[in-house]
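Q: Before we start, here is the structure in question, set down as structure tokens.
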Amino acid sequence: MSEPNGAAPTPSAVGAADKPAAKAKPPAVEDKPFAEFVPEIFLPALAKEMQAYGGPSPELSFEQAPMPVVGSDCWVVKGCMPRGRRFWLCFTTTDIHGPKTFSLAESGSEPTLLESFLIDERKATLPLLVSRVVSRLNGQKWLGPN
């Protein structure tokens with residue numbers, strides 16, 4: 001087979017018609033808008049994972065509020081656990097990959113420590129966010145029959 005000008009066809013032209021078009025990957029769930037991802041995807045996944053430890057359902061909320069300890073405005077996932085225990089996952093920007101902090105408080109007390117959260121991770125994924133929050137709470141022995 002030769003081209004109209006007598007040149008041999010290029011390898012890319014020979015097989016191009018034979019290859020099916022590559023399927024476009026669906027967008028990652030983490031690419032959804034922040035205001036949609038956190039309440040509609042992250043909170044249900046977090047609640048489900050926490051309940052897998054056998055404890056009662058946590059009360060989870062998502063709102064713009066003052067950050068515990070320092071009081072600066074941020075987006076907060078607030079969790080209320082049995083026996084009055086509470087935790088806060090704070091997003092300093094409307095980006096799940098941006099800086100985050102974590103704080104917790106036992107019943108009858110206010111949070112006194114603000115911890116950096118997922119600072120070494122380049123990209124925050126749903127499984128990573130869920131597992132690290134659950135791991136942190138389980139480390140406190142707040143989940144299940146601990």
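Q: Determine whether segment 27-45 contains at least one residue that is at pLDDT 90 or above, surrounded by 12 or more Cβ atoms within 10 Å (Cβ to Cβ) and touching a Pro at 6+ places or on another chain (Cβ under 6 Å).
A: no
Q: Also, quick follow-up: Out of all the residues in segment 76-118, which are over 13 Å from the mean Cα position of the chain (by Cα), more than 26 Å from G55 (Cα to Cα) and exposed (fewer than 13 other Cβ atoms within 10 Å of the Cβ)?
A: Of everything in segment 76-118, those that are over 13 Å from the mean Cα position of the chain (by Cα), more than 26 Å from G55 (Cα to Cα) and exposed (fewer than 13 other Cβ atoms within 10 Å of the Cβ) turn out to be T93, S116.
The values are calculated or read from the model by the stated rules, or taken from the named source; none is laboratory data. Here the structure is a predicted model, which is why all the values come from computation and not from measurement. Here the Cβ is made from the backbone with ideal geometry for all residues, glycine too, and neighbour counts use every protein chain on show.
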